[in-house]
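Below is one structure; the comments refer to it alone.
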Amino acid sequence: MSSKEDLSASVPILVGPNWIIWEAQMKAYLRTKGLWQLVTGNEVRLRDLPAGRNAQAAQAATAQQPAREAVAAIPFSTADQTAARNKEQNDWDNKGDQAIDIITLKISHSIRTHIADHASETWMNLSMAFATPGPATIFNDFTKVVNLRIQSNRHPAADMNLMWDLFECLHAQEVDIPSTLRALILLNAIPPMLQTVVSVALQTNETADLNFTDIRNDVTTVYEQTV
């Protein structure tokens, strides 16, 4: 599996409330594909070159201007120039289709009504719909993080990473959970088979010294020594 495929796998399915996590991961992936500037609208589609009667009309209009000597005449485009411009336009169209396909495959079916004909419009639609969370979304993230429990039948890294992502989502929504409280919530989520981590953390640290990262590392170490 290539590194770019690995990045694609790291992009979750957008369901709405997880916009902040999804946006960061999707933006990173689109950058690796060279599509982000197109999605933001910074990379625009080139116009058609004037050709045939259109070119003649453009030249005539220029020639009729009083200061025609000061106005650069619009040249006829050669066959090679037209072919090159057509290729550039086709490449832009294909990149736009690719960006829309990538985004579509990474959002829930229920919100695919936000998909538009152009990638930049699609991104804007999704941003307007989900970038500003309401109280219900914030409460949903909060209940998820305080009720999350580390499963004992698998490596704890996935659950602890999810907990961290939820903390960061709340932080981005201006709900900042202090470091000590994050550590206590993690301790509360530890399963019975790893309770030695809880005991050691509480007996060897002052309350102010408890932090999420140290406890996460301790849980990982004890789990890997146990299994």
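What follows draws every value from the coordinates through simple rules; no lab data is involved. Not measured: the values here are computed from a predicted model. Positions of Cβ are backbone-derived with ideal geometry, glycine not excepted, and every protein chain shown enters the neighbour counts.
Tabulated data
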| read-out | value |
| --- | --- |
| Helix 119-130 vs. the chain, principal-axis angle (Cα, 0 to 90°, nearest 10) | 40 |
| MRE, 222 nm, helices only [DSSP H, n ≥ 4, -39500 (n - 2.57), over the chain, to nearest 500] | -20000 deg cm²/dmol |
| Nearest 10 degrees, 0 to 90: helix 52-63 Cα axis against the chain principal axis | 70 |
| Among THR204, THR104, THR196, residue whose mean-square fluctuation peaks in a GNM of the chain (springs only between Cα atoms under 10 Å) | THR204 |
| C-alpha long axis of helix 179-189 to longest principal axis of the chain, angle in ° | 70 |
| Residue order, fewest to most beta carbons within 10 Å, for ILE103, ILE177 | ILE177, ILE103 |
| Ranked GLU174, GLU121, criterion: other C-beta atoms within 10 Å, fewest first | GLU174, GLU121 |
| Cut-off under 5 Å, modelled amide H: who pairs with ILE107 long-range | LEU14 |
| Whichever lysines have a C-alpha closer than 28 Å to that of LYS144, once near sequence neighbours (fewer than 8 apart) are set aside | LYS27, LYS106 |
| Shape category assigned to segment 153-227 from the gyration tensor of Cα positions, a/c cut at 1.5 | oblate |
| Debye intensity ratio I(q)/I(0), log10, the chain, q values 0.13, 0.18 Å⁻¹ (C-alpha model) | -0.91, -1.23 |
| Cα lying deepest toward the dipole's positive end in the chain, options LEU202, ALA183, ILE20, charges on Cβ | ILE20 |
| Segment 135-226, relative contact order in percent, only Cα pairs under 8 angstrom and at least six apart counted | 31 |
| Choice from GLY16, GLY96, GLY134 showing the highest fluctuation, given a GNM over the chain with Cα pairs closer than 10 Å | GLY134 |
| Cα centroid separation, segment 198-216 to segment 105-160 (Å) | 30 |
| Cβ-based exposure ranking for TRP22, TRP123, TRP164, in which fewest neighbours within 10 Å come first | TRP164, TRP22, TRP123 |
| Of LEU184, LEU30, LEU166, the one that fluctuates the most in a GNM where the chain has Cα springs shorter than 10 Å | LEU184 |
| Dipole of segment 158-227, positive direction: furthest Cα of MET160, MET193, THR221, with charges on the beta-carbon | MET193 |
